[in-house]
1. Take the residues in the range 111-121 that are surrounded by 13 or more Cβ atoms within 10 Å (Cβ to Cβ) and assigned to a loop (DSSP other than H, G, I, E, B); name whichever of them is nearest to the chain's Cα centre (by Cα).
2. Which members of the range 62-71 meet the condition of being open to solvent by 60 Å² or more (accessible area, probe 1.4 Å) and at pLDDT below 85?
3. Read through the list (1) part of a strand (DSSP E or B); (2) under 29 Å from residue 326 (Cβ atoms), then give the number of the only condition that residue 406 fails.
4. Can you spot a residue in the range 422-430 that is among the small types (Gly, Ala, Ser) and within 30 Å of residue 393 (Cα to Cα)?
5. Does residue 434 fit the bill of being part of a strand (DSSP E or B) and either surrounded by fewer than 15 Cβ atoms within 10 Å (Cβ to Cβ) or in contact with a Cys (Cβ under 6 Å, 6 or more places away or on another chain) (or both)?
6. Scan 108, 101, 172, 140 and give me the residue that is in a strand (DSSP E or B) and surrounded by 14 or more Cβ atoms within 10 Å (Cβ to Cβ).
7. Need the failing condition index for residue 234 against (1) open to solvent by less than 20 Å² (accessible area, probe 1.4 Å); (2) farther than 13 Å from residue 298 by Cβ; (3) at pLDDT 95 or above, just the number.
8. In the range 373-399, what count of residues is obtained for those that are open to solvent by 70 Å² or more (accessible area, probe 1.4 Å) and either within 11 Å of residue 412 (Cβ to Cβ) or over 36 Å from the mean Cα position of the chain (by Cα) (or both)?
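The values are calculated or read from the model by the stated rules, or taken from the named source; none is laboratory data. The structure displayed is predicted, hence computed values, not measured ones. Because the Cβ atoms are built from the backbone with ideal geometry, glycine has one as well, and the counts that use them run over all protein chains shown. These accessible areas exclude ligands, DNA and RNA; they are computed on the full protein's heavy atoms, side chains included. Shrake-Rupley method; radii C 1.70, N 1.55, O 1.52, S 1.80 Å.
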Amino acid sequence: MYQALKLIVALLFATATGIAMAQGNPTTGQTLYMNNCFACHGPAANPIPSFKGFANNAAGIRAAINSVGSMNSLRTLTDAQLTDIAAYVRQQEAGATPGISVTPNPLSINGTTTTPATGFITVSSNGTAPLTLTAITINSAGFARDTASDTCQLNVPIAVSGTCRLGVRYTSSTPVTNAAGTLVISHNAPGSNTPINVSATITGSAPAISITGGPLTFTATNVGATSAELLLTVANTGNAPLNISAIATSNSDFITSAGTTCVVNTPVAAGSNCRIGISFRPTAGGARTGNVSVTHNAPGSPSTVNLSGTGTGPGVSYSANPLSFGSVAVGQSSANTTLTITNSGNAPLTISQINISNPVFSQVATTCTSAAIAAAGTCTVTLRFTPAATGAATGNLTLTSNMVTAPASVVLNGTGNTPPPALTTDAPSNTVDLGSVVNGSRITRTVTLTAGTSNVQITSIAASGPFTIESTGTCARTAFTLNAGTSCTVVVGFTASTNGSNNGTLTVTANPTSNNVSVSLAANVTAPAPPPSGGGGGGGCSVSGRDGPADPVLLVLAALSLGLLLARRRRAHAAAERA
């Protein structure tokens with residue numbers, strides 16, 4: 001009651017101060033109303049009760065703004081803007097209704113493969129209130145709004161009798177005839193949504209493909225055997241060259257065969273055709289399916305054709321092919337490797353013989369030739385690789401069996417490498433240099449022998465020249481076996497007796513002699529240092545050497561001693577005279 005009284009007083013005040021009830025622009029007023037009033041008051045045609053009776057004139061709106069605290073933020077609205085809002089409210093109170101018309105409907109547009117098809121629809125506001133578009137959608141492939149010729153805006157009222165233009169575009173890189181789509185305009189007029197049918201035709205040059213003859217179904221064929229060939233025809237029904245970039249089957253049960261005339265990357269002229277030959281070579285028994293895929297430059301690439309057939313009889317599949325043994329030292333053998341053979345057919349498999357083409361690959365054991373192998377059953381072949389030379393080695397394992405067509409062979413491969421030395425020493429480059437040794441002295445040096453990956457039979461250890469083998473080493477002095485991975489020591493002795501370079505060899509003889517090891521030994525003998533000079537006596541006890549001059553220090557000491565002796569005699573003589 002109090003709030004209503006305030007509004008009445010404010011309205012009287014506003015009327016008294018002269019806010020006129022001008023005509024106003026309802027279209028502009030609709031935007032202002034939606035932005036400033038709708039959230040609180042609802043639709044202008046049916047507002048909340050407190051809204052009615054004052055919002056259809058500018059004075060009433062101004063009074064409400066000034067008197068209701070929650071509306072004070074709207075005081076920045078000008079009198080002209082309030083007049084437009086009031087005009088819109090009066091229009092809605094009078095029952096004004098927006099209306100819409102679109103032309104043309106349907107819309108047909110044309111273009112080429114290089115120039116998109118474009119056109120536009122005129123949208124008219126033909127009601128008694130402004131028309132507002134709220135959404136424009138095109139849900140058809142290839143169609144889109146053409147913003148270059150589009151003037152329609154969402155949520156911006158179109159005045160009564162006003163219009164806007166809605167642009168439409170269709171793009172395709174290949175010719176198209178009457179591509180159909182639907183454009184829907186959502187709005188505030190009765191009906192809410194207006195659908196428009198659109199169609200487009202694109203002209204130009206492009207290939208088109210047609211594949212006939214499929215799907216292909218082959219007669220029952222023995223596993224591993226090859227069926228008669230069936231043909232597919234590939235036709236270019238377009239008006240530009242058809243380029244086939246790939247022809248591939250989905251699995252090894254089906255293969256392209258001799259009747260194929262389609263050539264990858266060789267164009268098929270417009271109106272021409274080629275053929276693809278397909279044969280069935282089952283890898284297992286029972287139903288087999290797949291497809292052949294053709295990749296090309298026409299729409300719809302790739303094109304596929306389904307294939308099917310039935311495999312009969314026994315079959316063979318391998319756990320590995322090729323079978324690799326890796327790198328193995330020449331003369332040594334690899335670890336045993338097992339190949340599993342599975343009967344992939346639907347009848348028993350009998351393997352009578354296993355053949356290996358290269359003797360460096362050998363069969364260690366097998367379970368495959370002892371009995372027939374049932375469908376889906378397995379057997380094994382154990383193999384070993386013993387290279388005879390360095391470098392790559394290859395061979396083939398083949399089976400003799402009851403299959404109508406011989407099964408594929410297994411490729412065997414490995415690499416022979418240089419074996420590591422059987423016996424090594426810790427002497428750098430198998431050289432021991434004792435350096436400078438004084439003549440008359442004796443020194444020793446320890447050399448460690450180590451066996452590699454196999455035992456080494458050592459028959460003797462000897463040293464030549466002025467070098468000797470000491471008994472303190474751990475290697476036996478007689479023939480012995482040094483086990484793989486173990487070591488022993490040899491102590492080499494040297495007595496310096498001849499000045500200058502002294503050379504020799506530590507020789508370890510093994511069986512076989514290819515495991516022999518030689519260590520070069522060297523020493524440089526030097527003379528001892530000479531005795532000190534002045535060798536006629538020592539310790540200051542002689543005045544001079546045998547041939548040298550008198551020692552001046554000794555001469556001075558002698559003179560002093562003589563003077564002291566003379567002085568003592570004088571004192572003794574004087575004392576005697578006084579007595």
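1. Out of the qualifying residues, it is 113.
2. The one that is open to solvent by 60 Å² or more (accessible area, probe 1.4 Å) and at pLDDT below 85: 70.
3. (1)
4. Yes, because at least one residue in the range 422-430 is among the small types (Gly, Ala, Ser) and within 30 Å of residue 393 (Cα to Cα).
5. Judged against the criteria, residue 434 is not a match.
6. Criteria check complete, one pass: 101.
7. Going through the list (1) open to solvent by less than 20 Å² (accessible area, probe 1.4 Å); (2) farther than 13 Å from residue 298 by Cβ; (3) at pLDDT 95 or above, residue 234 breaks only (2).
8. Counting residues in the range 373-399 that are open to solvent by 70 Å² or more (accessible area, probe 1.4 Å) and either within 11 Å of residue 412 (Cβ to Cβ) or over 36 Å from the mean Cα position of the chain (by Cα) (or both) gives 5.
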